[in-house]
Amino acid sequence: MAWSGGSISLSQVLPRVAQVDTPGPPERGRAVLVGAGEAAPEGWREAVRVVVDEAALADPAAAVDRLHRAWAGREPIVIELAVDPAGFRRPPAHHEEPWRLGAGFEPWADRLHFLVWANSYDARAD
């Protein structure tokens, strides 16, 4: 299935771990998604694990920071997805005028969604 720019999200086109060589060359820095409490696949067993749960959705700054460092540094990482991904697929709207948001404004939900799905393999049991 190819992304066409329509209503398909990244979470619908991720390669499954069984379809690829895992985790690939380290310089690719692939992430792998696992479900709540699931073990990481071979190749990611020693990788750092970041849990995306209700607490991370409520205050995503720490998860975003760790995921961003792994993504930017091309570090393999395990993302434990302990929430329904549909719950954060559509980021919240920000209705304020951009100049009123200030220089420190971060669209945390947008960044979290991107960092969970970008460059990731899906190894969830379901």
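Here's how it looks for Ile77: its modeled amide H is under 5 Å from those of Ala31, Val32, which are all 5 or more places away or on a different chain. What is the log10 of I(q)/I(0) for the stretch 38-126, computed with the Debye formula using one identical point scatterer on each Cα and no solvent, at q = 0.11, 0.14, 0.19, 0.20 Å⁻¹? For the requested q values the scattering log ratios are -0.34, -0.53, -0.90, -0.99. Sequence-ordered 3J(HN,Hα) estimates for the stretch 86-94 from the Karplus curve with 6.51, -1.76 and 1.60 and θ = phi - 60° stand at 5, x, 10, 5, 9, x, x, 7, 10 Hz, glycine and proline given as x. Treating r as the C-beta distance of Trp99 and Val51 and R0 as 25 Å, the FRET efficiency rounds to 0.10.
Can you tell me how much longer the chain between Ala61 and Ala39 gets when fully stretched, taken as 0.36 nm per residue apart minus their C-alpha distance, in nm with one decimal?
Details: separation 22, 0.36 × 22 = 7.92 nm, distance 2.48 nm.
Answer, rounded to one decimal: 5.4 nm.
Any read-out appearing in this document is the output of simple, stated calculations on the displayed coordinates, not a laboratory observation. Just so it is clear, the structure is predicted and the values come from calculations on it, not from any experiment. Backbone-built Cβ (ideal geometry, glycine too); neighbour counts: all protein chains shown.
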